[in-house]
Every structure is written in structure tokens, then in C-alpha cells.
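What follows is a single structure, written as C-alpha cells, with notes after it.
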Amino acid sequence: AEDEQRALEVMDAVIERVEDVDESQILQTRSLLLWQLGDREAAFDLALTAARDSGELKRLVWAAQLAEASDDLDTARELYAEALAIDPDDAQLVLSTAELLRELERGPEAIELLQNADATIGTLYTLGLYQFETDDLEGAEVTWQRLADLDASDEPEQHAYLTGFLAELLERNEDAQRWYRRVEAGPNADRAMLRRAGLLGREGDMAQARELLASVRASGDEELVEQAWLSEAELLRSAEQADQCVDLLTDVLREAPTSIWLLYSRALCAVDADRLELAEQDLRRIIQIDGDNAMALNALGYTLTDLTGRHSEALRLIERALELQPDDPATLDSMGWVLYRLGRLEESLGYLQRAHAMDDNPEIAAHLAEVMFFSGQREEALAMMETLLLDHPDAAIVIETSERLMRELE
């Protein structure tokens, strides 16, 4: 594959010497080679021809996969539909089709497809996940119970992990712990311990949570080791132990000084610990490593405008982050907030309204209410704050914003 022309010549030579191979097989094999060589358009054209000429299941699926990878989602949907007409009981085909429908924002069709499919670990878990994402919590509960009751003796570890994960999403924490404990081997054993640690931390059992995370790190898996450190840092941060979080990550970063996620996590803890110089240092280090890291650009811009007077500098950082991710609600919120701090209230409102329409995060809502208040929409702003206080009574940003607005009324 280092020599495209040579690779194609060898393929042609092989085809000449092989007998009794149908044309669609030749087309699919050549399509695969072209895909590996990076010629996606030609690969897809051959795959589509092979699928249309033969009508065979595997050719249709291959063409559908290439269509999906090429972002031709409507063609992919048509091909998957033809494949399903041939074998409606193929669980993997059902899952691929459902995921494509979800990408096309045709969630109800995806759910209906999964509801009518044979009950397998994959179809039930995915159905429950889609129902949860569409706020059909009652339906997701029913699906979770079906998954829990499923006889999955051939894949017990996978069954236990996915059943636990869906239980966790549904806030059935005791059930989640019980199912995660069943995952004693296989690729998800350490991930189950990570999930258990998170649940224990949220319940306040920090000692056992950190013990589990230490066990995960003992596995030696580089990715899981980093995740375990990040999870422990988040537990400390959530427990308002920001200084300990910074100390922990400082030790870890000595061994992994270029880890973007560890640097980002320490920056968040440093902000909570009122160590802004360290937070800025870590976020700038991430930008130095990856100049297009929108997450760090946005975080640094927001930190500067929220906690310092460096609003013009913050604006430049947030503008760059917004170029990279124009539809991200957190970045839209940051843009709205920096414009507010610069006194550009009318422009600020537009960004905050867009962010709030995409994400009902209490911080975004509190920012929007404050800008509305100082833009002359006091009654609407106070009504929004009243609702926020009812829905998020313990959120610091909501409490602080409410108190600030009340002082303005005095």
C-alpha cells in the first residue's frame, strides 16, 4: 500500500489468475483496496455498483458502511434498508441501522426498529439508551428490566457491564453497583471498577472509591490509568477538596507532563483553589501542545473574563474557540459572558439565548438571567432566577447570581 500503482497492478494480476469469482466479488475487493489506499470516492462507487448488481447482503452492508463513512447518510439508509429486507434478524445490522437513523435525527424510527428486533444484549441496551436520551424514562426503565432479565449466559461479563451502565444512567445506583460487581473478568472489568468508584464517590464513600481507583491503576493499562487519575481528581474536586486535587495531579503530571486531560483537570482544580496563575499556566501549556484545542481556549478565555479584568484578551481566545466549535453551548455561553463583561449587552443576549436553547445548564441560565436583568428585562430575569432556585437550590452559581440581583433591587 506504500505504492498505490503497484498495489493496483498486483490486484489486477491476482484477479486474472483466479477462476470462478463473480464480478461483484471483484468489485468489492477492489473497493476495499481503494479504500485502504485513500481513494474513498472510487471505493464507494465500486462498492455501490457491486451492491446494486448483486443485491447480496454483504455487498449492501459494505456499500452502506462506505456511504456512512463518506457522510452520504441518505444513501447509507437506503442500503441498510435493502439489507434488512434480506435479513431482518441480523442484530448487528439492526444496530448499525438504528445508529444511522439516530445520526439522521430520526430517533422515533430507530427506537421502533429496536423495539421490533430480537431481544439481545446489544439491541436492548441501545434501545434503553435511546429512550433515556429522548427522556422516555418510563420506557427506559421497562427496557432496563428486560435487559436485566435476559438470559445472557454466553456473554455474562458484557451483559453485566451494560446492565450496570444503563442502571447508572437511570439513577438506580444500588442496581448499578450490584451489576458492576459481577464484571470480574474481560475487557470491562477495570471499567466497571471505574464506574463503581464514581458511584461511591458521589455517595460520599471517598475511601473505598479511591481504593478501587488504585486497583484500576494497578492494571497498567495506560488509558485506564489516566482515567483513574482523572476520576480521583474529579472526586476530590466534587468534595470541594481543590487543594488536594491540585497536589494529586501535580504528582501525576511529573510522570506525564504533556497529558492534555491531566493538565486540563489540574487547571479546573486550580481555579477552584483560587490558584489562577497555575490554571492559566496549564491551559496555555495545552494550547502550546495543541493550538486548535477549543476546550482549553474556551476555558482560558472564560476564566480570564470571569475572574480577572483581562476581558479583551479573553475575547480573542473565545473567538478562536468559537471558530473551532461554532455550535458548542459552553463556548457560546463564554462569548455571551465576555461580551457582557465588556458592556456589549445586546450582543451578549443573543449568544446566551442560543446557548440556553441548546443546553439548560444552570450556569448558562444564570448568566442569561443576569444579562436580561441589566438589559431592562427585570421581571423576566427574576422569574427565571426563581425557577432556577427551585430546580437547583444547591448550585453555587445560581445562589450567587440571585443574591447579586437582589442587592441591585435594594
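Miscellaneous remarks
- Among L114, P88, A98 - extreme Cα towards positive end, dipole of segment 58-115, charges at beta-carbon: P88
- Magnitude of the charge dipole, segment 181-339, Cβ model with Lys/Arg +1 and Asp/Glu -1, debye to 20: 240
- Averaging Cα coordinates gives a centre for segment 156-202 and one for segment 227-263; these two points are 23 Å apart.
- Segment 79-134 shape via C-alpha gyration tensor axes, a/c threshold 1.5: oblate
- Vicinal HN-Hα couplings computed from phi for segment 31-40 (Karplus, 6.51 cos²θ - 1.76 cosθ + 1.60; Hz; Gly/Pro x): 4, 4, 5, 4, 5, 5, 7, x, 8, 5
- The charge dipole of segment 168-262, taken about the Cα centre with unit charges on the Cβ atoms of Lys, Arg (+1) and Asp, Glu (-1), comes to about 300 debye, rounded to the nearest 20.
- For segment 321-386: rounded, prolate or oblate by the Cα gyration tensor [a/c cutoff 1.5]: oblate
- Three-way shape call for segment 137-189 based on the alpha-carbon gyration tensor, with the a/c threshold at 1.5: oblate
- Under Karplus coefficients 6.51, -1.76 and 1.60, residue-wise ³J(HN,Hα) of segment 358-371 in Hz, glycine/proline x: 8, 8, 8, 3, x, 5, 5, 5, 5, 4, 4, 4, 5, 5
- Each of A396, L57, Y351 was placed along the dipole of the chain (beta-carbon charges, centred on the mean Cα), and the one lying farthest toward the positive end is A396.
- Residues with amide H under 5 Å from that of V183, placed H, sequence gap 5 or more: none
- Kirkwood Rh in Å, taken over all unlike Cα pairs in the chain: 25.3
- Among the protein heavy atoms of segment 191-313, carbon and sulfur supply 45% of the accessible surface, probe 1.4 Å, non-protein parts ignored.
- Per residue, the chain exposes an accessible area of 52 Å² to a 1.4 Å probe, with every protein chain left in place.
- Against the rule of thumb 2.2 N^0.38 Å, how large the Cα Rg of segment 298-410 comes out: 1.01
- For segment 179-230, the convex hull drawn through the C-alpha positions has a volume of 65 cubic angstrom per residue.
- Helical contribution to [θ] at 222 nm, DSSP H n ≥ 4, -39,500 (n - 2.57), averaged over the chain, rounded to 500: -25000 deg cm²/dmol
- Carbon and sulfur %, accessible surface of segment 346-410 computed with the full protein complex present, 1.4 Å: 48
- Which of Q244, Q281, S219, positive extreme of dipole for segment 218-327 (C-beta unit charges): Q281
- For the chain, size of Cβ-based charge dipole, Lys and Arg +1, Asp and Glu -1, in debye: 1240
- In sequence order, segment 223-232 has phi-based couplings of 5, 5, 4, 5, 4, 5, 4, 4, 5, 5 Hz under the Karplus curve 6.51 cos²θ - 1.76 cosθ + 1.60, θ = phi - 60°, and Gly or Pro positions carry x.
- Most mobile listed residue (L124, L100, L307) in the chain, GNM with C-alpha springs under 10 Å: L307
The values are calculated or read from the model by the stated rules, or taken from the named source; none is laboratory data. Given the structure is predicted, the values throughout are model-derived calculations rather than measurements. Heads up, the Cβs are rebuilt from the backbone with ideal geometry, glycines too, and the neighbour counts pull from every protein chain shown. When the accessible area is computed, the model is the full protein with side chains, heavy atoms only, and any ligands, DNA or RNA have been set aside. Shrake-Rupley method; radii C 1.70, N 1.55, O 1.52, S 1.80 Å.
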